[in-house]
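Please see the structure below; I have some questions.
The values are calculated or read from the model by the stated rules, or taken from the named source; none is laboratory data. Treat the numbers as computed from the prediction; the structure is a model and nothing was measured. Cβ atoms come from the backbone with ideal geometry, glycine included; neighbour counts cover every protein chain shown.
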Amino acid sequence: MEQPYASSVPTPPAGGPPPKNWLVESILVTIFCCLPFGIVAIINAANVNSRVALGDYAGAQDASRKAGQWVKYSLITWAVLSVLYVVLVVVMGVGAGMLNGLSGR
C-alpha cells in the first residue's frame with residue numbers, strides 16, 4: 001500500500017541532484033549590489049524549486065541558469081559602478097586641487 005505524501009519533493013532523474021537555486025546569492029546581491037538585477041535573480045531562483053516540485057527538471061535547470069546569470073550581471077554591474085565612482089572621486093579631487101592651486105595665485 002502506498003503512503004500518500006510520503007515524499008513531497010520528487011527525486012531528480014538519473015542525472016543527479018536538483019539544480020542549484022541561487023536564492024541566497026540572489027538575496028545578497030539584491031541587498032548589497034544592484035536591486036533591479038537582484039529582483040530578477042530572486043524570481044528565477046524561486047522558480048527553480050517550484051519547477052523541481054512539479055517535475056519539470058528542464059525548466060528548473062533553465063531557471064537555475066538564468067538566476068546564476070542575473071547574480072553575475074549584478075556583481076559585474078556593481079564592480080563597474082564602483083570603479084567608475086572611484087575614478088570620478090579621484091578626477092574630481094585632482095580637479096579641485098588644480099583649481100585651488102590656481103586661485104591661490
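Restricting attention to region 35-60, which residues are over 30 Å from residue 81 (Cα atoms) and either surrounded by fewer than 14 Cβ atoms within 10 Å (Cβ to Cβ) or touching a residue at least 12 places away in the same chain (Cβ under 8 Å) (or both)?
Passing the criteria: 49, 50, 51, 52, 53, 54, 55, 57, 58, 59, 60.
Tell me, yes or no, whether region 5-22 has at least one residue that is modelled with pLDDT of 85 or more and either within 8 Å of the chain's Cα centre (by Cα) or among the hydroxyl-bearing types (Ser, Thr, Tyr) (or both).
Yes: region 5-22 contains one or more residues that are modelled with pLDDT of 85 or more and either within 8 Å of the chain's Cα centre (by Cα) or among the hydroxyl-bearing types (Ser, Thr, Tyr) (or both).
Next question. Considering each of 88, 35, 54 in turn, give the residue that is under 10 Å from the mean Cα position of the chain (by Cα), at pLDDT below 95 and not basic (Lys, Arg).
Of 88, 35, 54, the one residue that is under 10 Å from the mean Cα position of the chain (by Cα), at pLDDT below 95 and not basic (Lys, Arg) is 35.
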